[in-house]
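Accompanying notes for the structure given below.
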Amino acid sequence: MSDYSSYFDANKQLWNQRTAVHKDSSFYNLAGFKAGENVLTPIELNELGDVKGKTMLHLQCHFGMDSLNWARLGAVVTGVDLSDEAIKEAKQLNNDLGMNATFICCNVYDLKEHLNEKFDIVFTSYGTIGWLPDLNKWAEIISCYLKPGGIFYMADFHPVLWMFDDEFTHFQYSYENSEVIITESEGTYTDRDADIMGKEYGWNHSISEILNALITNGLQIGHFNEFMYSPYACFRNTVEFEKSKWHIKGLEGKIPMVYSIRAVKQ
Ligand SMILES: C[S@@+](CC[C@H](N)C(=O)[O-])C[C@H]1O[C@@H](n2cnc3c(N)ncnc32)[C@H](O)[C@@H]1O
């Protein structure tokens, strides 16, 4: 893989800044989660199903709230994230709640230097591969950490969304991974006015790139689904048309906003 280290360093700084704002935001509802509320969406809850007694590797776990939600449902979870601030929060949350999840701070691409174990499930969700330049390497890592018969599950925002400008008025970016996308980030999706500034480096991946990376690395696709709404209000210019389902204003019902994949390691 080419040397992307300066991009990853910049992204890490930004995610460290974001974590400080996210953990106290109403968007993430950490207080509710601590009080016992579920924070996972019906999409992954319905599609991944029962995780009781299963070992789960959660890639890009942010500050660990979703990971600990799966742990509450009975999974034995290991969460991984690039941001040291996020992993510090995740470990604190794990301690505060008296849970026994494990959290590792590292780049997904460097995981083999930190972890030597096979899992029943590898999980990742909502804001993941857009920070990863090379999906073949990503899928190779997923495959490496799954037991034979183990399940890979992901739910994420649809590549069509990442083609638009922030206000969803026109196409600004390429559908496929043709170049690094450099954006000047201000604020964050939980608070547009937050005092957060920095350059962000991302990559757009087409559906065929995602699926072929998984297939090439020994994962048999069981389902691929698309959803015409977002379960999160993390984009500008959206409207909640049903409880916890958001559309882009003016594009209601016209574009997919989320996709999910369930695959089995051969
Ligand atoms: C949107 S969040 C994760 C999504 C999760 N649904 C959430 O909101 O809690 C994206 C996470 O990816 C992490 N991340 C970005 N690039 C990464 C990389 N190369 N390796 C590991 N983690 C990375 C960031 O630090 C951040 O915590």
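The values are calculated or read from the model by the stated rules, or taken from the named source; none is laboratory data. Keep in mind the model is a prediction, meaning the values are calculated, not measured. Note that each Cβ is placed from the backbone with ideal geometry, even for glycine, and that neighbours are counted across all protein chains shown. What goes into the accessible areas is simple: the full protein's heavy atoms, side chains included, and nothing from ligands, DNA or RNA. Shrake-Rupley method; radii C 1.70, N 1.55, O 1.52, S 1.80 Å.
Evaluated at 10 °C with a viscosity of 1.306 mPa s, what Stokes-Einstein diffusion coefficient in µm²/s does region 1-52 have when Rh comes from the Kirkwood expression over alpha-carbon pairs? D, rounded to a whole number, is 114 µm²/s. Relative contact order of region 113-166: 49 percent, from C-alpha pairs under 8 Å at least 6 residues apart in sequence.
Take the Cβ-Cβ distance between Met1 and Ile104 as r, set R0 to 30 Å, and report the resulting FRET efficiency rounded to the nearest 0.05.
Working: r = 20 Å, r/R0 = 0.66.
Rounded to the nearest 0.05, the efficiency is 0.90.
How much length is gained if the chain between Val239 and Ser178 is pulled fully straight, taking 0.36 nm per residue apart and subtracting their Cα-Cα distance, in nm to one decimal? Walk me through the intermediate numbers first.
Values: separation 61, 0.36 × 61 = 21.96 nm, distance 3.13 nm.
Length difference between fully extended and current span is 18.8 nm.
On the principal axes of its alpha-carbon atoms, region 68-136 has extents of 36, 28, 25 Å, going from largest to smallest. For the chain, a/c is less than 1.5, where a ≥ b ≥ c are the root eigenvalues of the C-alpha gyration tensor. That puts it in the rounded class.
DSSP beta bridges fully contained in the chain are about 60 percent antiparallel. When only alpha carbons are used to place a centre, region 179-214 and region 154-177 end up 10 Å from one another. Computed over the chain, relative contact order equals 18 percent, with contacts defined as Cα pairs under 8 Å that lie 6+ residues apart. Split the accessible area of the chain by element, probe 1.4 Å, and carbon with sulfur accounts for 48%. When all protein chains stay in place and ligands, DNA and RNA are ignored, the 1.4 Å accessible-area order of Leu14, Leu97, largest first, is Leu97, Leu14.
Full-extension gain between Leu251 and Glu186, please, as 0.36 nm times their residue separation minus the C-alpha to C-alpha distance.
Working: separation 65, 0.36 × 65 = 23.40 nm, distance 2.49 nm.
Going from the current span to full extension adds 20.9 nm.
Solvent-accessible area of Tyr175, all protein chains in place: 80 Å² (probe radius 1.4 Å, heavy atoms, ligands and nucleic acids excluded). For Val39, the solvent-accessible surface with a 1.4 Å probe is about 20 Å², rounded to the nearest 10. Length available on full extension from Glu167 to Lys137: 0.36 nm per residue minus the Cα-Cα distance, which gives 7.6 nm.
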